[in-house]
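Read the structure below first, then the notes.
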Amino acid sequence: MSTAKANPVYYKLVIVATFPATEIWLGDDAGHLVQKEVGELRTSLLPGDYVVEFGLGSSAYPIRLAQASRYTQTELEAGPTCSRPIPQFPPESGSAKVGCHASGALVTGAHSGSRRRSAGSRSIRRGW
């Protein structure tokens with residue numbers, strides 16, 4: 001029986017915005033931010049489903065990456081929109097945690113029971 005691992009295959013992806021100052025937000029199908037660029041996004045990714053937004057909070061457009069691909073903002077905006085997936089996180093346990101104090105300072109350590117979160121950390125938990 002062979003135990004050789006297959007090497008993952010990555011595909012190049014290029015997304016070009018209409019204007020050089022436009023933010024390009026790329027997320028995976030689980031709602032997690034993959035990459036953010038301005039004007040042009042160039043990356044290599046595993047095949048799969050992704051979501052792109054041109055400006056955070058704007059319409060989201062699906063991308064199925066199955067080969068090296070290049071898209072323009074105009075091409076994507078002419079196609080279907082989709083909702084941005086909301087990331088799901090496992091429930092918190094009493095183990096060591098990292099978080100933010102209301103002052104913005106990084107906090108680490110074991111916590112029992114509930115903990116306070118600043119508004120900033122709540123927005124991170126909702127996704128990008």
Any idea which residue in segment 39-80 is farthest from Asn7 (Cα to Cα), counting only those that are in a strand (DSSP E or B) and free of Cβ contacts under 8 Å to residues at least 24 places away in the same chain? Tyr61
When residues of segment 63-90 are filtered for being under 21 Å from Phe19 (Cα atoms) and among the small types (Gly, Ala, Ser), how many remain? 3
Would you mind finding the one in Ser69, Ser59, Ser83 that is under 13 Å from Leu13 (Cα atoms), modelled with pLDDT of 85 or more and among the hydroxyl-bearing types (Ser, Thr, Tyr)? Ser69
Just need a number here: residues in segment 10-35 that are modelled with pLDDT of 95 or more, within 18 Å of Gln67 (Cβ to Cβ) and either in a loop (DSSP other than H, G, I, E, B) or over 8 Å from the mean Cα position of the chain (by Cα) (or both). 7
Identify, please: which residue in segment 55-80 is β-branched (Val, Ile, Thr) and touching a strand residue (DSSP E or B) at 6+ places or on another chain (Cβ under 6 Å) and is, among those, surrounded by the most Cβ atoms within 10 Å (Cβ to Cβ)? Ile63
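The values are calculated or read from the model by the stated rules, or taken from the named source; none is laboratory data. This structure is a prediction, so every number in the text was calculated from the model and none was measured. Don't worry about glycine lacking a Cβ; one is built from the backbone with ideal geometry, like all the others, and counts go over all protein chains shown.
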